[in-house]
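**Student:** Following this message is one structure expressed as structure tokens.
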Amino acid sequence: MRVTEIAEVSRSRMKISTDEELTFVLYRGELRRLRIRQGEEIEEEALRAIREEILPKRAKLRAMNLLKNRDYTVKQLRDKLKEGGYPQEIIEEALDYVQGFRYTDDLRYAENFIRCHIQDRSRRRIENDLLGRGIDRDTLERAWAGFEAEGGSQDEQAMIQALLAKKGFDPEEALPKERQRMYGYLMRKGFAPEQVRRALRSEEPYD
């Protein structure tokens, strides 16, 4: 395997590209120790150390350090490791490692997210946020089922009424254009159309 390019990532870290489309990041001292130079072949022993020792250990530590401060979905953690320049197989090895200790759990993440935001975000907004974080639809449905089995619920109408009061909006006094603007605002918040029309005391479709 030949090194085609060595590019600086930071003062201490360098990105190595090879003719076999393998890219990875090493520290400058490691480049010298492993005798990696642009345009030259990587020695077999050096390549083994990179693939089996240096990068796997570093990726696992990186994942563990990230998870010390907050929860991540598997997708979020994968993206973080990609940003660090780790090859895909090393990333998957690190993810398998932390999942083996249940340090990542998308169902737990989704359930906690629902509990945290049930009072300030609509169900649709919560679902869109979780889908954007890499939670799949099946896990999302199981998270809602678990939340509801524990007695959890959401009153979207009360949430909408609180927003209307905060904005000083009176459905009885509002002009049609004002109602339409408010309808759009509440829909962007992710509330169900029937709940919005009920709050605005109107059967007009608007959309």
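Just so you know, all these numbers are worked out from the coordinates, no wet-lab data involved. Being a predicted model, the structure only gives us computed values, none of them experimental. Methodologically, a virtual Cβ is constructed for each residue, glycine included, from the backbone with ideal geometry; neighbour enumeration extends over all protein chains shown.
**Student:** Stokes-Einstein at 20 °C, 1.002 mPa s, Kirkwood radius from Cα pairs: D for the range 96-182 in µm² s⁻¹?
**Tutor:** Values: Rh = 15.1 Å.
It comes out at roughly 141 µm²/s.
**Student:** Pick out which of 140, 67, 163 has the largest mean-square fluctuation in a Gaussian network model of the chain, springs linking Cα atoms closer than 10 Å.
**Tutor:** Looking only at 140, 67, 163, the largest GNM fluctuation is found for 163.
**Student:** Between residue 53 and residue 8, take the C-beta separation as r, use R0 = 30 Å, and let me know the FRET efficiency to the nearest 0.05. Walk me through the numbers on the way to the answer.
**Tutor:** Working: r = 24 Å, r/R0 = 0.79.
The pair residue 53/residue 8 has a calculated efficiency of 0.80.
**Student:** Follow-up. I'd like to know how the range 38-142 sits against the 2.2 N^0.38 Å rule of thumb: what's its Cα Rg over that expected value?
**Tutor:** 1.34
**Student:** Over all Cα pairs of the chain, how is the pair count split among 10 Å bins, expressed in % and running from 0 up to the last occupied bin?
**Tutor:** Taking all Cα pairs of the chain, the binned fractions are 8, 25, 20, 16, 14, 11, 6, 1 percent.
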